[in-house]
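Data first, discussion second: the structure below is written as structure tokens.
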Amino acid sequence: MIPIGDDNSDRRTTPFVNWLLIAANVFVFVVFQGLGTNQRFTMAFATVPAEILTGKDIAEAIPIRDAYGRTVDQLVLEPTPIPVFLTLFTAMFLHGGLAHIAGNMLYLWIFGDNVEDAMGHLRYLIFYLLTGVLASLSHVFVTAAFGGNPLIPSLGASGAISGVLGGYIVLYPQRRVRVIWLYQILQVPALFAIGIWFLFQLISGAGMLGGSMGGVAYGAHIGGFLAGVLLVRLFAARPRPAYGGA
């Protein structure tokens, strides 16, 4: 199920912050990451759980092993020129490839504007950054708790966007979302569209919360979503209609 739009007919403000967040992510990916080719920059500013747990920068080659324990590649952690705890913020604006950033920005474009409308610009920015940090800390926690490799870096806006989705599902559970489902375009309630997404995170993350399967840190997605659900009422400044639509 791929979301392609939602009902914006009752939106009362221009989502400047959401647009700036999308622009910032694209700018970093194109200019600083070189469309994903500048691994030195990416590895310097990604979040490494071991660095967050110890407070110390780690710069070394990390072997990548297959299911049989054979080394098939290596990942080089670069020196981080800022305090390592700040990578909880910088990693939110890094992406691993075109598909990674395209998927994240699609979700942010569709769902972020309505959450910003409910919160106001500054509160939305704080909410976005806070849930992103909490998502990264969730990934660090489950990595340590469930025996994941603490040297594998994490990056991407997914955790913060998961927080936005959590906020959206609380504020607008019945808002109609257009999705592509089995080669058809359908309109479904946000509760269903986002609920299916969250269920996938739970199923995919079961049994491997500390790691990242297929390069995806599901612990961060789950943590960010729950943070959004729990915190959204503290940030939502404007009362919304019961239906949330036109």
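Read-outs: derived from the displayed coordinates by stated rules, not from any lab. What you are looking at is a predicted structure, and each value in this text was computed from that prediction instead of being measured. Here the Cβ is made from the backbone with ideal geometry for all residues, glycine too, and neighbour counts use every protein chain on show.
Here are the numbers for this structure:
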{"quantity": "Ranked list, fewest to most other Cβ atoms within 10 Å of each Cβ, for 78, 60", "calculated": "60, 78"}
{"quantity": "Residue 129 paired with residue 191, simple spin-label distance in nm, labels 7 Å along Cα-to-beta-carbon", "calculated": "3.4"}
{"quantity": "Inter-part distance where the stretch 43-58 and the stretch 90-138 are each reduced to a Cα centre, Å", "calculated": "21"}
{"quantity": "Residue order, fewest to most surrounding Cβ atoms within 10 angstrom, among 105, 92", "calculated": "105, 92"}
{"quantity": "DSSP H segments from the chain that extend 24 Å or more along their own axis, Cα-based, with Kyte-Doolittle mean of -0.5 or above", "calculated": "98-119, 121-145, 218-235"}
{"quantity": "Residue among 151, 203, 184 farthest towards the positive dipole end of the chain, charges placed on Cβ", "calculated": "184"}
{"quantity": "Chymotrypsin sites (Phe, Trp or Tyr not before Pro) within the stretch 12-70, DSSP loop, no more than 16 other Cβ atoms inside 10 Å", "calculated": "68"}
{"quantity": "Contour excess over end-to-end distance, with Cα ends at residue 99 and residue 54 and 0.36 nm allotted per residue", "calculated": "13.0 nm"}
{"quantity": "Cα-projected label distance for residue 38 with residue 109, points at 7 Å along beta-carbon direction, nm", "calculated": "2.4"}
{"quantity": "Whether the stretch 32-83 is rounded, prolate or oblate, judged on the alpha carbon gyration tensor where a/c under 1.5 counts as rounded", "calculated": "oblate"}
{"quantity": "Net charge of neighbours whose Cβ lies under 14 Å from the Cβ of residue 22, counting Lys and Arg as +1 and Asp and Glu as -1", "calculated": "-2"}
{"quantity": "For the stretch 2-235: relative contact order, % (alpha-carbon pairs under 8 angstrom, 6 or more apart)", "calculated": "25"}
{"quantity": "Pair-distance profile P(r), taking every C-alpha pair of the chain, with 5 angstrom steps and integer %", "calculated": "1, 7, 13, 18, 19, 16, 12, 7, 4, 2, 1, 0"}
{"quantity": "Cut-off 14 Å between beta-carbons: net charge of the residues surrounding residue 153, Lys and Arg +1, Asp and Glu -1", "calculated": "-3"}
